[in-house]
Each structure stands twice: as C-alpha cells, then as structure tokens.
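Student: Got a structure for you, questions after.
The values are calculated or read from the model by the stated rules, or taken from the named source; none is laboratory data. All figures in this text were calculated on a predicted structure; none of them were measured in a lab. Note: ideal-geometry Cβ built from the backbone for every residue, glycine included; neighbour counts use all protein chains shown. Ligands, DNA and RNA are stripped out before the accessible areas are found, and what is left, the full protein with its side chains, is counted by its heavy atoms. Shrake-Rupley method; radii C 1.70, N 1.55, O 1.52, S 1.80 Å.
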Amino acid sequence: MNLRLKILLGIVIVLLIGGGGTITMLNEEHPSFLGFQTARQKQITYLREHEKEMEDYIKSKYPTVESVQFDWDSIEVGQEGNGTPQGGAWVLSIRGKFNHLEHTKFVMAFGLDSKDSLPSTERMGFIIPLYIYRDGGWNNY
C-alpha cells in the first residue's frame, strides 16, 4: 500500500508540473486558450481590431499613401526616458511600410497608462514619420 501511494503521488506531481507547462505553452501559441490572454496578446488583438482606423490615420496625414503594411512582429512596449528616476510615459510602438514598397518605413506609437494597459486610437501618433529610400538616402515622404 505504501509503495502504491508513493507511485500515485509521483504520477500526480509529474502531471501537475507537466500539465501546467503545457497550458503555458498552448497559451503562447493560442492566445485564447481557456479564454486567457496575456497583456501583450490583448494589446495585439486591440491593434488588429483597429487596423483600419490606424491605416485611415496614416492616410489622413499622407494623402498619397494608398496602402499600409504593419509589421505585427515589431510591436514593442517601453517607457520613454525623461531624465527623472520615475521615468516617462509608457508607449507601444509598431513598425510598418506603405504602398507595398520595400524601401519605406515608419513607426507608429500609442500612449499607454501602464505597460500592460490597452492602447487607444485616441492616443496614436508617429515616432518616425513616413520615410522612403531614394537617391542613396532616407527621405521624408
């Protein structure tokens, strides 16, 4: 009886540890696994749901832009430096290209209340405006 209890307890521990790791791995690969999303996944979901508004914002500032391609893997959240110990505001940034041209770039930014908060299209702008590479250098579009 004592040996069976030890074996059963060992199996339960292995399943709990292994099962927890599996849920974590699945969550990273499938953001909605068990209805759970990390803060980063929620931020990406918000941006994807508001992609049209983001594109319209760019087109309103640059009327000759016909299409926008966002690099969803480039999303970063960081704190702006302002020279004080507490630091500056939180910002989410995303890079992109436009008009299906390889040698173009921009970086869009969204102000955040904290590193885990959702972005808002009310607080979007550019860190790097639209640039195009021509004549041997990067030029404003």
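Student: Take Tyr57 and tell me if it is at pLDDT 85 or above, under 30 Å from Phe126 (Cβ atoms) and under 15 Å from the mean Cα position of the chain (by Cα). So that I can check it myself, show each step before the final result.
Tutor: Numbers: at pLDDT 85 or above: yes; under 30 Å from Phe126 (Cβ atoms): yes; under 15 Å from the mean Cα position of the chain (by Cα): no.
Considered against the rule, which asks whether it is at pLDDT 85 or above, under 30 Å from Phe126 (Cβ atoms) and under 15 Å from the mean Cα position of the chain (by Cα), Tyr57 comes out as no.
Student: State all residues of region 87-126 that are open to solvent by 80 Å² or more (accessible area, probe 1.4 Å) and assigned to a loop (DSSP other than H, G, I, E, B); if no residue qualifies, say none. Before the answer, list the steps.
Tutor: Residues of region 87-126 that are open to solvent by 80 Å² or more (accessible area, probe 1.4 Å), as a first pass: 95, 100, 102-103, 113, 115-116, 118, 122-123.
Within region 87-126, His100, Glu102, His103, Asp113, Lys115, Asp116, Leu118 qualify.
Student: Another question, then. For region 36-54, how many residues meet the condition of being touching a residue at least 12 places away in the same chain (Cβ under 8 Å) and either loosely packed, with under 12 Cβ neighbours inside 10 Å or over 11 Å from the mean Cα position of the chain (by Cα) (or both)? If you could, list the steps in order and put the result at the bottom.
Tutor: The first filter runs over region 36-54 and keeps only residues touching a residue at least 12 places away in the same chain (Cβ under 8 Å), leaving 39-40, 42-48, 50-51, 53-54.
From what is left, the residues that are either loosely packed, with under 12 Cβ neighbours inside 10 Å or over 11 Å from the mean Cα position of the chain (by Cα) (or both) are 48, 50-51, 53-54.
Selection size over region 36-54: 5.
Student: So Pro129 passes all but one of these: (1) open to solvent by 70 Å² or more (accessible area, probe 1.4 Å); (2) part of a strand (DSSP E or B). Which condition number does it fail?
Tutor: (1)
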